[in-house]
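All remarks here apply to the structure that follows.
The values are calculated or read from the model by the stated rules, or taken from the named source; none is laboratory data. Small disclaimer: the values here were computed from a predicted structure and weren't measured. Here Cβ is always computed from backbone atoms with ideal geometry, including for glycine, and neighbour counts include all displayed protein chains. Heads up: the accessible areas ignore ligands, DNA and RNA and are worked out on the full protein's heavy atoms, side chains in. Shrake-Rupley method; radii C 1.70, N 1.55, O 1.52, S 1.80 Å.
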Amino acid sequence: MTEGEDGNALRTTPILSGVPMSDSATAPRLTALHKTHEEAGATLVDFAGWLMPLRYSSETAEHTAVREAAGLFDLSHMGEIRLTGPQAAEALDHALVGFLSKVKVGRARYTMITAEDGGVLDDLIVYRLGEQEYLVVANAANVPVVASALAERASGFDVEVADESADYSLIAIQGPRAVEILAPLTDADLDDIRYYAGYEHTVAGVPVLLARTGYTGEDGFEIFVRPADRAPEVWAALMAEGAPHGLVPAGLSSRDTLRMEAGMPLYGQELNAGLTPFDAGLGRVVKLDKPGDFVGRAALEEASRTARERRLIGLVSRGRRPLRKGQDVLRDGTVIGVTSSGAPSPTLGRPIAMAYVDGDLDTATGTFTVDVRGRGEEVDVVELPFYKRQS
Amino acid sequence: MSVPTELGYTAKHEWIAVRDGIATVGITAYAAESLGDIVFVETPSVGDDVTAGETAGEVESTKSVSDIYSPVTGEVVEVNEALEDAPETINSDPFEGGWLFRVRVSEEPADLLSAEEYTKLTEGEN
């Protein structure tokens, strides 16, 4: 048995979603929870320059646990960039596509940073910590690009930009039982923390930024732990409290299938510098009505007016063979697009994929197939997301 | 990780058991564990000829696609049809219920590893 692509049967990374493996000449960085993962028997993988848990036991079981109970993720590879100063809000309004000065203290926004040509450099969550203070959370692989772009775009504003990624660990607890597991461990009244809100609190006695955000399609929290080396205390307390509720540690493999089912984009797949937010169907994050100029405005105004060249659709296979990213999508035998992500969906019990197709494509008629290494797998076109939790 | 002593092994992580001229083929527990949850298997069909060292199918996990190489030359006489509905059997029971296909051996397989040799090989990969 050998791996089809590179001759190594046991290298699972070629299809690991997201970003390419880091330069093998440099050893991957370890998170503050590395020892915890090793003790839990995690399969670790080099992801964006970090040695991260891919899975602990069965990734399918981890996925199901998040849908039905809860899962605990180490996301310490994500980057945290702080903007502090009287013009922090104005600087972000100029640097990002969103209207960040309108965000209330304690709330968060999903937004993006684009180049002048409107191409997406990263998708971000921005927390407003104070009148003059924001925390920008970036994808691991993009932290250097985002940090330097923010520093450059903030010059001329009265604000300081600091890449504090190394100071933070990030732990996410996700799933319908996250609230009852977290509640006894925190000083926060969790009913007061709405979706996309975040405040300074304690968890297990450790000071944290506690935010109701996530990337799984479930209710849950992201816990920014500072200093980073106190993460093992928080992790251990959550596992001890949560295990009787069905909480399991969960790796990047289940995180990817969870976000895919929830129809959430992943940078490097659904988003990249060659696409605008409008291409990805996320034009709503671009606030063209905000005052002042911002980087990418002219290109994005143009993109908002013109018919989209491509759009993102969902595909559900009628067969069993998993769909993967980078596979041609055909309508009645003619190539009309390409998959951006694909995986077996544990919740649907079928292979799913997201795909970019021609913007004016009629999906109501015709026979759709995906070319899986020369075999045409018949698929149905569906609305995204594939999965939506009952609220 | 279990490595039954009565089986033969290949360096590509297949196992083989030959009895009365019929070889049963599967992938090892080490391979299944390394790949993660197996979600799809393609075996050869009954009547196909397979050749030692050549591709005889595919196994896909959540995050990987791997070729299965036949450790033996001959004609396929039986395939494990239960794997179509339950490919996860390869994870839970790789050396018994997770067998892939059976071959009427036309040439005795050469170069098989013993359980001890295979164990040494997998320890070297870690």
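Does the stretch A:30-41 include one or more residues that are open to solvent by 50 Å² or more (accessible area, probe 1.4 Å) and among the basic types (Lys, Arg)? Yes: the stretch A:30-41 contains one or more residues that are open to solvent by 50 Å² or more (accessible area, probe 1.4 Å) and among the basic types (Lys, Arg).
All conditions in (1) part of a loop (DSSP other than H, G, I, E, B); (2) surrounded by fewer than 19 Cβ atoms within 10 Å (Cβ to Cβ) hold for residue A:214, with the sole exception of (2).
Does the stretch A:2-10 contain at least one residue that is crowded, with 23+ Cβ neighbours inside 10 Å, modelled with pLDDT under 95 and within 13 Å of chain B (Cβ to nearest Cβ)? Looking through the stretch A:2-10, at least one residue is crowded, with 23+ Cβ neighbours inside 10 Å, modelled with pLDDT under 95 and within 13 Å of chain B (Cβ to nearest Cβ).
The set of residues from the stretch A:122-140 being surrounded by 21 or more Cβ atoms within 10 Å (Cβ to Cβ) and not aromatic (Phe, Trp, Tyr) comprises A:122, A:123, A:124, A:126, A:128, A:135, A:136, A:137, A:138, A:139, A:140.
When residue A:43 is tested against (1) within 11 Å of another protein chain (Cβ to nearest Cβ); (2) more than 30 Å from residue B:10 (Cβ to Cβ); (3) modelled with pLDDT of 50 or more, only condition (2) is not met. Residues that are surrounded by fewer than 20 Cβ atoms within 10 Å (Cβ to Cβ) and assigned to a strand (DSSP E or B) do occur in the stretch A:107-116. With A:276, A:306 as the choices, which residue is more than 26 Å from residue A:172 (Cβ to Cβ) and either within 22 Å of the chain's Cα centre (by Cα) or among the charged types (D, E, K, R) (or both)? After ruling out the rest, the residue left standing is A:276.
A quick yes/no check of all residues on (1) β-branched (Val, Ile, Thr); (2) in a loop (DSSP other than H, G, I, E, B); (3) more than 14 Å from chain A (Cβ to nearest Cβ); (4) crowded, with 24+ Cβ neighbours inside 10 Å:
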{"position": "B:11", "(1), (2), (3), (4)": "no, yes, no, no"}
{"position": "B:26", "(1), (2), (3), (4)": "no, no, no, yes"}
{"position": "B:56", "(1), (2), (3), (4)": "no, no, no, yes"}
{"position": "B:78", "(1), (2), (3), (4)": "no, no, yes, no"}
{"position": "B:83", "(1), (2), (3), (4)": "no, no, no, no"}
{"position": "B:90", "(1), (2), (3), (4)": "yes, no, no, yes"}
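Within the set A:106, A:79, the sole residue that is within 19 Å of residue A:255 (Cα to Cα) and touching a residue at least 24 places away in the same chain (Cβ under 8 Å) turns out to be A:79.
Can you find, within the stretch B:13-24, the residue that is nearest to residue B:62 (Cα to Cα) among those that are open to solvent by 10 Å² or more (accessible area, probe 1.4 Å) and among the charged types (D, E, K, R)? The qualifying residue nearest to residue B:62 (Cα to Cα) is B:19. Among the residues of the stretch A:150-164, those that are part of a helix (DSSP H, G or I) and crowded, with 21+ Cβ neighbours inside 10 Å comprise A:150, A:154. There is no residue in the stretch A:255-267 that is within 24 Å of the chain's Cα centre (by Cα), more than 14 Å from every other protein chain (Cβ to nearest Cβ) and within 19 Å of residue A:179 (Cα to Cα).
Within the stretch A:309-335, work out how many residues are in contact (Cβ under 8 Å) with a residue 60 or more places away in the chain, farther than 13 Å from residue A:368 by Cβ and open to solvent by less than 20 Å² (accessible area, probe 1.4 Å). Residues flagged as in contact (Cβ under 8 Å) with a residue 60 or more places away in the chain, farther than 13 Å from residue A:368 by Cβ and open to solvent by less than 20 Å² (accessible area, probe 1.4 Å) within the stretch A:309-335 amount to 1.
Between A:65, A:91, which is assigned to a helix (DSSP H, G or I), under 21 Å from residue A:137 (Cα atoms), aliphatic (A, V, I, L, M) and in contact (Cβ under 8 Å) with a residue 24 or more places away in the chain? Steps first, answer last, please.
On the way: A:65 fails: under 21 Å from residue A:137 (Cα atoms).
From the options A:65, A:91, the qualifying one is A:91.
The rows are residues; the columns are (1) more than 11 Å from chain A (Cβ to nearest Cβ); (2) out of contact with any Phe, Trp or Tyr (no Cβ under 9 Å at 6 or more places or on another chain); (3) among the hydroxyl-bearing types (Ser, Thr, Tyr).
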{"position": "B:52", "(1), (2), (3)": "yes, no, no"}
{"position": "B:63", "(1), (2), (3)": "no, yes, no"}
{"position": "B:67", "(1), (2), (3)": "no, yes, no"}
{"position": "B:100", "(1), (2), (3)": "no, yes, no"}
{"position": "B:125", "(1), (2), (3)": "no, no, no"}
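Every condition in (1) closer than 20 Å to residue A:37 by Cβ; (2) of a type outside the set (A, V, I, L, M, F, W, C); (3) surrounded by 24 or more Cβ atoms within 10 Å (Cβ to Cβ) holds for residue A:232 except the one numbered (3).
Can you go through B:68, B:27 and tell me which one is in contact with a Gly (Cβ under 6 Å, 6 or more places away or on another chain), among the hydrophobic types (A, V, I, L, M, F, W, C), touching a residue at least 40 places away in the same chain (Cβ under 8 Å) and within 28 Å of residue A:345 (Cβ to Cβ)?
Working: B:27 fails: in contact with a Gly (Cβ under 6 Å, 6 or more places away or on another chain).
From the options B:68, B:27, the qualifying one is B:68.
Count of the stretch A:372-391 residues, restricted to those that are more than 22 Å from residue A:265 (Cα to Cα) and in contact with a strand residue (DSSP E or B) (Cβ under 6 Å, 6 or more places away or on another chain), is 3.
So which residues in the stretch A:189-216 are in contact with a helix residue (DSSP H, G or I) (Cβ under 9 Å, 6 or more places away or on another chain) and closer than 18 Å to residue A:233 by Cα, if there are any at all? Even if it seems obvious, please write down each step before you answer.
Step one: filter the stretch A:189-216 for residues in contact with a helix residue (DSSP H, G or I) (Cβ under 9 Å, 6 or more places away or on another chain), giving A:189-191, A:199, A:202-208, A:210, A:212, A:214-216.
Hits for the stretch A:189-216 are A:202, A:203, A:204, A:205, A:206, A:207, A:208, A:210.
Number of residues in the stretch B:102-126 that are in contact with a strand residue (DSSP E or B) (Cβ under 9 Å, 6 or more places away or on another chain) and in a loop (DSSP other than H, G, I, E, B) equals 4. Taking the criterion of being away from chain B (no Cβ under 14 Å), open to solvent by 50 Å² or more (accessible area, probe 1.4 Å) and touching a residue at least 60 places away in the same chain (Cβ under 8 Å), the residues of the stretch A:336-381 that qualify are A:378, A:380.
Looking only at the stretch A:316-330, which residues are part of a strand (DSSP E or B) and away from chain B (no Cβ under 12 Å)?
Here is the first cut: in the stretch A:316-330, the residues part of a strand (DSSP E or B) are A:316-317, A:328-330.
Of everything in the stretch A:316-330, those that are part of a strand (DSSP E or B) and away from chain B (no Cβ under 12 Å) turn out to be A:316, A:328, A:329, A:330.
Look at (1) closer than 24 Å to residue A:122 by Cα; (2) in contact with a strand residue (DSSP E or B) (Cβ under 9 Å, 6 or more places away or on another chain); (3) assigned to a loop (DSSP other than H, G, I, E, B) and you find that residue A:308 fails only one, number (2).
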